[in-house]
Amino acid sequence: MLNLGREARKAGREISRADSGKKNEALLKIAEMLETHADWLIEENLKDVQKGRDSGLDSALLDRLEFKASGIKSMVEGLKQVAALADPVGEITDLTYRPSGIQVGQMRVPLGVIGIVYESRPNVTVDAAALCLKSGNACILRGGSESIHSNKAISSCISKGLEAAGLPATAVQVVETIDRAAVGELITMSDFVDVIVPRGGKSLIERITKEATIPVIKHLDGICHVYIDNTADHEKALAIAVNAKTHRYGVCNAMETLLIAKGIAVTLLPKLAAIYREKGVELRGCLKTCSIITPCLRATEEDWSTEYLAPILSIKVVADIDDAIDHIHRYGSAHTDAIVTENYTLARRFLREVDSSSVMVNASTRFADGFEYGLGAEIGISTDKLHARGPVGLKGLTTLKYVVLGDGHIRE
């Protein structure tokens, strides 16, 4: 692990000074290598899939693990999309003259070396490598043991692509051991790694947050809320509340709790319940909710703070926007929360007072995504306030430094 760190630090300096053309060339060469070695990649991936089946890996994880020909096509397309994005590195902003005559501004620069720990999905290896390279960073990738053959094969293609573009292959390194101790080493190598990004289940992220001695960019839970206000347009409210929950269940930006104002609950909840039942969603509600719709299980205290990642929804009838915001502050995870309202003043209040990384008005929480935000791609979602917040794209993998321009200026 220390050797990986040394090599990454050395490669990071070279990648940081590579121009956009060279980085884009590397991304396209990697895409070419993935296409050229597609059959071999699928063979290696099938080794992981078969091992997963033999060890009783559940169907959802197996689905994420297997990438097939269509998965390779998606990886290639992702690389091309990242290559087409504007390069944030070297951008100077807010350059202004000071009374002394000097010019002061800020330049966007790479973070350095990024360690990424993730589970299951081998496509993360390509996505992470692409974003780190384009933002001028070296990276050390540690995928899950269940995808070791896939990740090593993808890593080989990445190395070949980097070398073909004249960049160091060690700019992207995959940890090739499945020993969990490697993660403990990676997240404490502060001399060689500048930031850690965990992607996976709650237990993984909790462990890394607790043990890391390096800054971590992460979110722990996605307990997302939609609040339907008394002034909401009924059609908008129905569409948003259904989409936020049922578009996809196992994602961090799916709604887990629906809050609905008491003045509109009697009219709207039965309509929503009928749609949810048709889609197979189990409903758990407060006492008032259970009196309006049946069948509905009585929600427990634990339900309000649970990220289901499943067709289960908690529903609470609230008095007003103050009650809704209080509930979000008590039980939310600072990920994504939305209000449905036609009242501009209440919408502004919600935007200002709800302290989450994404706050929305009259839109589904499912939009909390790097691609939908125009970032092109994301390395994950951050609910922290430092250094990045919300979907983390290329700019989130850079930082700012002050630059000063003078012409022989001295301080009097």
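The values are calculated or read from the model by the stated rules, or taken from the named source; none is laboratory data. Keep in mind that what you see is a predicted model, and the values were worked out from it rather than measured. Neighbour counts are summed over all protein chains in view; Cβ atoms, including those assigned to glycine, are modelled from backbone coordinates with ideal geometry. Note: areas computed on protein heavy atoms with side chains; ligands, DNA, RNA excluded. Shrake-Rupley method; radii C 1.70, N 1.55, O 1.52, S 1.80 Å.
Checked against the criterion of being outside any helix (DSSP H, G or I), touching a Cys at 6+ places or on another chain (Cβ under 9 Å) and crowded, with 19+ Cβ neighbours inside 10 Å, region 174-193 contains not a single residue that satisfies it. Of the residues V126, V104, the single one that is β-branched (V, I, T), in contact with a helix residue (DSSP H, G or I) (Cβ under 9 Å, 6 or more places away or on another chain) and touching a residue at least 12 places away in the same chain (Cβ under 8 Å) is V126.
R352 satisfies every condition listed in (1) in contact (Cβ under 8 Å) with a residue 24 or more places away in the chain; (2) surrounded by fewer than 21 Cβ atoms within 10 Å (Cβ to Cβ); (3) at negative phi except (1). Considering (1) farther than 30 Å from V404 by Cα; (2) among the hydrophobic types (A, V, I, L, M, F, W, C); (3) touching a helix residue (DSSP H, G or I) at 6+ places or on another chain (Cβ under 7 Å); (4) touching a residue at least 24 places away in the same chain (Cβ under 8 Å), the lone condition that A84 does not fulfil carries the number (3).
Only a single item in (1) part of a strand (DSSP E or B); (2) over 22 Å from T246 (Cα atoms); (3) open to solvent by less than 20 Å² (accessible area, probe 1.4 Å) is not met by V403, and it is number (3). Candidates are the residues of region 120-173 that are part of a loop (DSSP other than H, G, I, E, B) and aliphatic (A, V, I, L, M); the one that is nearest to H37 (Cα to Cα) is A165. For region 213-228, the set of residues classified as in a loop (DSSP other than H, G, I, E, B) and more than 11 Å from L258 (Cα to Cα) consists of T213, I214, P215, I217, K218, H219, L220, D221, G222, listed by residue number.
Okay, residues lined up against (1) without any contact (Cβ under 8 Å) to a residue 60 or more places away in the chain; (2) surrounded by fewer than 21 Cβ atoms within 10 Å (Cβ to Cβ):
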{"position": "A261", "(1), (2)": "no, no"}
{"position": "I264", "(1), (2)": "yes, yes"}
{"position": "K279", "(1), (2)": "yes, yes"}
{"position": "C286", "(1), (2)": "yes, yes"}
{"position": "E302", "(1), (2)": "yes, yes"}
{"position": "E307", "(1), (2)": "no, yes"}
